[in-house]
1. With the condition kept exactly as written, say whether any residue in segment 205-213 is at pLDDT 95 or above and in contact with a helix residue (DSSP H, G or I) (Cβ under 9 Å, 6 or more places away or on another chain).
2. Would you check if there is a residue in segment 18-41 being touching a strand residue (DSSP E or B) at 6+ places or on another chain (Cβ under 7 Å), surrounded by 22 or more Cβ atoms within 10 Å (Cβ to Cβ), at pLDDT below 95 and among the acidic types (D, E)?
3. Test A112 against the stated conditions and say whether it is within 15 Å of the chain's Cα centre (by Cα), among the small types (G, A, S) and surrounded by fewer than 21 Cβ atoms within 10 Å (Cβ to Cβ).
4. In this structure, is D63 touching a helix residue (DSSP H, G or I) at 6+ places or on another chain (Cβ under 8 Å) and within 22 Å of L170 (Cα to Cα)?
5. Would you mind finding the one in E167, E157 that is assigned to a helix (DSSP H, G or I) and in contact (Cβ under 8 Å) with a residue 24 or more places away in the chain?
6. Select from segment 126-147 the residues that are of a type in the set (D, E, K, R) and out of contact with any Asp or Glu (no Cβ under 9 Å at 6 or more places or on another chain) and write down the one among them that is farthest from M166 (Cα to Cα).
7. Quick one: R172 ticks every box in (1) touching a Phe, Trp or Tyr at 6+ places or on another chain (Cβ under 9 Å); (2) within 20 Å of A7 (Cβ to Cβ); (3) not hydrophobic (A, V, I, L, M, F, W, C) bar one, so which box is it?
8. For the subset of segment 184-196 comprising residues that are within 17 Å of the chain's Cα centre (by Cα) and outside any helix (DSSP H, G or I), which member is surrounded by the fewest Cβ atoms within 10 Å (Cβ to Cβ)?
Amino acid sequence: MSIITIATSKGGAGKTTIARLILGRLSLSGLRVAAVDADFNHTLTDWVRTAAKQQITVEHEVDEARIVPLVSSLHDAHDVVVIDTAGAPTQATIFAIGCADVVLVPCQTSSADIVEAIKTMNLIKSASMMMKREVTARVVLTGYQPNTNISAHIEGESAKAKLPLMETRLHRLVAFQEMSFTGIVPTSGPAGLQGSNFLVEIEALGGIPQPQKMAS
């Protein structure tokens, strides 16, 4: 069993898109997946209940005192629990980071996103020190547009800040955007390939409990 937390203090960075991708693809692979939606906007909850095509358990919870007990309960009955945090600094986010095996920090191609990614990584480091254990964390570049000046700039700023980046960049692709209303996670084409590569990386970090054959 494993717990993946998706966190950044900035809204619109791609947290829920990443959560949909992970939950949908892992469900297709046969894993039992659950989500804790700690965002006040409950976007992930709405998606699971109205659009998602896979079997996904979801609970909406913004009370920081209830996050850890809820995650623990879901963890006992599922292979992977994904926590989608709020796009603002909250105590619930700190608890979600503290109980995670892997934390993913989404970062769009903007200077503001880099600033927030740095802040979030520092928060994760503080949580690690407090718990006296290292919390594995990676920054995920989302909405990526290869061979553009802005992407080159973001790559440079990330390197300068020594941010630990996932090798897989999630490009600005229609298939990722369409998930929000079709409920269909991409398993083919460029988006499907990026999703597969992304999950392989998460597995290597310890975020997926055992090797699984991903849908392709």
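1. Scanning segment 205-213 turns up no residue that is at pLDDT 95 or above and in contact with a helix residue (DSSP H, G or I) (Cβ under 9 Å, 6 or more places away or on another chain).
2. The answer is yes; a qualifying residue exists.
3. Considered against the rule, which asks whether it is within 15 Å of the chain's Cα centre (by Cα), among the small types (G, A, S) and surrounded by fewer than 21 Cβ atoms within 10 Å (Cβ to Cβ), A112 comes out as no.
4. Answer is no for this residue.
5. On inspection, the qualifying residue turns out to be E157.
6. It comes out as K132.
7. (2)
8. Filtering first and then ranking leaves P186.
The values are calculated or read from the model by the stated rules, or taken from the named source; none is laboratory data. As the structure is a computational prediction, the values presented were derived from the model and not from experiment. A quick note on method: Cβ atoms are made from the backbone with ideal geometry, for glycine too, and the neighbour counts reach across all protein chains shown.
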